[in-house]
1. Looking only at helices (runs of 4 or more DSSP H) that lie completely in the stretch 770-863, which have at least 3 residues being farther than 30 Å from N727 by Cα?
2. Restricting attention to the stretch 518-533, does a residue exist that is surrounded by 19 or more Cβ atoms within 10 Å (Cβ to Cβ), of a type in the set (A, V, I, L, M, F, W, C) and touching a Ser or Thr at 6+ places or on another chain (Cβ under 6 Å)?
3. Quick one: is L619 in contact (Cβ under 8 Å) with a residue 40 or more places away in the chain, among the hydrophobic types (A, V, I, L, M, F, W, C) and either in the same structural domain as Q763 (by TED's automatic domain parsing) or within 27 Å of E722 (Cα to Cα) (or both)?
4. How many residues are touching a residue at least 40 places away in the same chain (Cβ under 8 Å) and in contact with a helix residue (DSSP H, G or I) (Cβ under 8 Å, 6 or more places away or on another chain) if we restrict to the stretch 206-224?
5. Is at least one residue of the stretch 288-305 among the charged types (D, E, K, R), within 41 Å of the chain's Cα centre (by Cα) and under 18 Å from E269 (Cα atoms)?
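The values are calculated or read from the model by the stated rules, or taken from the named source; none is laboratory data. What you are looking at is a predicted structure, and each value in this text was computed from that prediction instead of being measured. Quick reminder, even Gly has a Cβ in these numbers, built from the backbone with ideal geometry, and neighbours come from all protein chains shown.
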Amino acid sequence: MTLDDLIAEMRGHGLPALPGDGLPVLNGKIQRFGKGKKAWYRLREITLDNGQQQIVGSFGLWHGRDPGTVSVTFDWSGISDAEKVEFERRQAELEKHEQERRARVAAAAAGRARGQWAMAKAVAAPEEVAYLKRKQVSGAFARVTSDGVLLIPARKYRRNAKPELTSVQKIAPDGSKKFNTGADMVGAACLLGTIDDSTRLIGIAEGYASGQSVRMATDEAFPVMVTFSAGNLGAVARQLRTDFPSAVLLFFADDDWQIQQRYARDLLEQFDVESPPAIDGLDHTCLTRGDERVTVRAWRRIDATGTPYIEADVRCGRRMRQWKFENAGIAAARAAARLVGNAEVVFPVFADRGENKWTDFNDLHVEQSIDDVRAQLGPVVARLLESGVAEPVPELPADDDIPLPPSAQNPADSPAPPPQADAVGLTMPTAEQLVDHFALVWPTTDVWDSLRRQRMKRSAFVAWVGKAAAAEWDTNPKRRTVTRESLPTLIGGRAATGGSGGKLDEMLEHLTLLRGTETVWDGIGQQVMSLGAVRADYTAELTTKWQEHALRKTIEARNLVFDPTQQADPETCVNIFLGWPVTPKPNVDLVQPILALLESLCGAEDNVDECVTWILRWLAFPLQKPGAKMQTALLMFGEKQGTGKSLFFQDVMAPIYGEYGTVASQHQLDSTFTAWRSRKLFVLFEEVLSRDDKYSHNGTLKYMITGAKMSINQKNLPERIETNHMNGVFLSNEPQPIPIELEDRRFMVIEARNRQPKEFYDQIAEAIKAGAVEAFYDFLLRLPLDGFNEHTKPPMTLAKERVIEFGLSSWMSFHRSWQQGYLAAPYCSCLSEDLFKIYRRWCDRTGEKPLTLCKFAGLIASREHKVKRSVAVGAKGKTTRMVFEVKAEGETESLEKQIERFRRLGDIRGDSRADDSD
């Protein structure tokens with residue numbers, strides 16, 4: 001089947017014109033388009049070993065719960081058996097890859113949902129939430145965002161397992177509802193209430209508001225599962241029956257009663273038939289407003305659950321549709337009840353519904369009263385709670401007993417539409433063919449040949465058809481005109497076959513121009529690209545068409561954001577955070593080896609428990625509050641190798657972050673290009689500072705820990721600013737890995753000294769293979785923080801004291817020794833030259849290189865109060881001297897007596913005054 005044949009078949013089955021250049025995207029992914037995104041296709045182009053290209057897949061048009069699937073017929077002519085086997089193998093491989101891709105997309109959707117749920121707050125005032133106020137229900141079991149969007153959690157429940165959040169239903173103030181794109185919703189539900197082994201009755205409703213109204217009317221006598229759609233009733237009910245085999249299931253069905261109205265609506269919207277014919281099983285010929293003939297045959301039927309529906313067969317030329325208009329809410333509930341057994345179905349009965357679209361028990365609650373809901377449900381609920389047995393659902397008939405429309409019983413009764421006229425050959429076309437198939441390309445003089453899908457110059461057109469025929473066509477009032485932008489992608493003047501048309505759709509969907517720059521955000525590769533790189537990837541012609549296309553996406557360059565909180569406005573921003581890559585899975589047994597490793601790493605400190613607790617909370621905080629920027633960092637070092645530092649942080653922690661984590665070294669810090677920092681939440685710094693560079697990058701590291709913004713400088717691309725969400729761990733085998741200041745508040749420092757037996761690390765490696773990463777992630781998400789936040793300061797450790805001492809200059813070490821009472825001279829007020837003498841003796845004893853008096857006194861003045869005072873030293877009278885005043889609490893001794901005591905205990909004799917110019 002050629003691409004043109006496929007497009008014609010899709011249009012023949014009622015699908016609207018394809019968007020963009022009118023060609024399908026042949027990438028094997030589901031593409032949705034048209035009004036309400038009801039039209040869809042999933043197509044892929046296969047190249048066989050013999051070079052033959054085939055398009056495989058399916059397409060359809062959703063109608064109610066029916067996707068209207070039409071499979072693309074594969075042309076097996078000229079295909080050997082071996083090629084068939086190879087084709088089937090490749091198809092299976094592609095399908096496997098597609099399933100893996102969908103699983104990754106679903107995992108990312110679940111990650112986004114967890115982040116959104118964590119950022120939202122419990123509903124404190126339902127009357128302030130527009131949707132809840134309109135529906136007259138509380139916000140129990142839901143949360144609300146700062147902008148008033150109600151979040152309903154969609155979880156997968158399994159007995160004796162933690163519910164798994166797969167998505168959130170976002171209900172805007174106007175009532176519009178969305179789920180996380182790509183989420184796995186099969187079997188996902190929201191539990192209103194609690195279920196345990198003693199639960200006798202479980203309710204199942206489609207919508208949150210309906211479920212809440214049921215709970216209000218029945219005084220919350222039983223739990224209710226919200227399934228979000230009729231199509232999900234069966235999956236949720238099956239799991240409930242597996243987990244609670246003796247409970248009665250009561251379905252609170254939506255009464256989707258407007259089947260005849262939908263029949264009339266679809267005839268008008270899809271076939272332009274204003275007056276729907278009678279539903280009597282007979283053929284009726286109708287005229288559209290454009291005088292086209294449409295044949296309609298419709299029947300009233302009753303399905304296997306006893307629910308009425310309408311079936312229709314509609315034909316117009318090559319177009320043919322078979323529709324089923326059903327009461328999806330009641331039919332799906334009855335089918336699910338029959339499937340699981342010991343279940344009943346109830347639906348609301350309105351006093352005067354008229355033509356209003358009232359369908360569920362919340363509509364009954366709002367439009368009539370909660371007492372009416374209570375009156376309808378009370379007797380049923382009381383009976384089921386008392387008896388524990390539901391009334392049986394009617395038996396399903398065999399498939400052969402279900403009546404089929406005549407067109408399905410005897411396809412020969414429905415003649416095929418007349419074949420399309422043959423395309424013209426290379427002979428000169430007739431005047432009629434010229435009018436039908438040729439068009440002027442505005443605003444040029446070129447001509448478009450729609451049969452050969454070729455654009456030609458005016459001179460070539462005239463040379464082919466002749467001047468007379470060209471002139472007649474040019475002046476014909478029926479001559480067609482097309483815009484240059486509406487033409488498909490051309491290669492050598494001819495429309496590209498295969499996937500090039502789809503490439504433009506791909507560009508429109510995934511590329512976003514960053515205004516004010518010549519760069520583009522590529523949603524496929526998750527990277528910033530130059531326009532030159534885009535041209536190299538998609539060709540210059542395609543790039544030009546994309547740039548000129550009305551549907552091209554453009555945002556301000558500053559609105560390309562990395563926002564793990566997922567609060568960025570999706571209308572104006574592109575968020576390059578796509579969700580967490582790992583799904584947490586509880587398993588206490590797998591967590592224990594990881595905790596044992598962390599305790600071993602901290603074992604050399606005298607406050608092991610305090611260190612382990614602080615580190616666990618530091619690791620957990622940015623996971624529980626996505627996007628949190630810690631104002632502290634973790635430094636773990638030790639000359640002894642093989643203690644498990646990298647095993648813990650590189651093999652356990654880094655995989656939790658996936659692509660949002662990285663390992664950095666000295667090379668990254670030295671480089672002027674900083675693209676490695678982009679889209680990062682976790683960075684593991686391995687030996688980032690050599691012995692010669694310990695101080696040159698100290699400021700950079702400090703800013704990475706506490707800075708709010710980062711400059712991202714990517715090679716050959718303009719510099720941009722990104723919010724800093726990066727949290728860092730530093731690993732080293734050096735005795736002084738990073739210079740740490742005396743008053744440092746940034747670093748938690750641990751020296752790893754304990755090396756365990758090989759079996760200890762083998763056990764951890766086996767746990768990682770068995771899923772310890774996912775288990776530890778779950779452990780951290782559940783860990784109580786107890787007031788821990790981004791600014792919680794790390795405790796002092798023996799290792800930190802050693803690192804600080806190692807990095808102190810001579811005057812700092814001296815001052816620390818003097819202040820803490822390690823010197824013979826007391827810590828009290830003294831002459832500056834006397835303190836300098838004590839300093840020189842200390843340097844001789846410790847091997848430190850001394851400073852000059854001027855520098856020493858100036859530096860000590862940054863720690864102690866330095867002032868000129870008139871004092872008497874020894875037997876001499878008062879003179880003006882430079883003094884360090886130490887004002888100790890409770891000190892009553894005079895300044896002169898303190899100076900005398902300092903000189904006596906420090907064994908300073910005489911009064912050889914040094915230069916006091918300092």
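1. 810-819, 832-846, 853-860
2. Looking through the stretch 518-533, at least one residue is surrounded by 19 or more Cβ atoms within 10 Å (Cβ to Cβ), of a type in the set (A, V, I, L, M, F, W, C) and touching a Ser or Thr at 6+ places or on another chain (Cβ under 6 Å).
3. So L619 passes the test.
4. So the count comes out to 12.
5. no
Per-residue answers, yes or no, for (1) over 21 Å from F776 (Cβ atoms); (2) in contact with a Cys (Cβ under 7 Å, 6 or more places away or on another chain); (3) outside the structural domain of S711 (by TED's automatic domain parsing):
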residue	(1), (2), (3)
C602	no, yes, no
D606	yes, no, no
L623	no, no, no
Q631	yes, no, no
L634	no, no, no
Q650	no, no, no
V663	no, no, no
T672	yes, no, no
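For every residue, the table says whether it meets (1) at pLDDT 90 or above; (2) assigned by TED's automatic domain parsing to the domain that holds I705; (3) over 14 Å from Q592 (Cβ atoms); (4) not basic (K, R).
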residue	(1), (2), (3), (4)
N727	yes, yes, yes, yes
E741	no, yes, yes, yes
M748	yes, yes, yes, yes
E751	yes, yes, yes, yes
Q756	yes, yes, yes, yes
F760	yes, yes, no, yes
A765	yes, yes, yes, yes
A775	yes, yes, no, yes
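Okay, residues lined up against (1) modelled with pLDDT under 85; (2) surrounded by 13 or more Cβ atoms within 10 Å (Cβ to Cβ); (3) of a type outside the set (S, T, Y):
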{"position": "H97", "(1), (2), (3)": "yes, no, yes"}
{"position": "A106", "(1), (2), (3)": "no, yes, yes"}
{"position": "G111", "(1), (2), (3)": "no, yes, yes"}
{"position": "P126", "(1), (2), (3)": "no, yes, yes"}
{"position": "Q136", "(1), (2), (3)": "no, yes, yes"}
{"position": "Y157", "(1), (2), (3)": "no, yes, no"}
{"position": "Q169", "(1), (2), (3)": "no, yes, yes"}
{"position": "K177", "(1), (2), (3)": "no, yes, yes"}
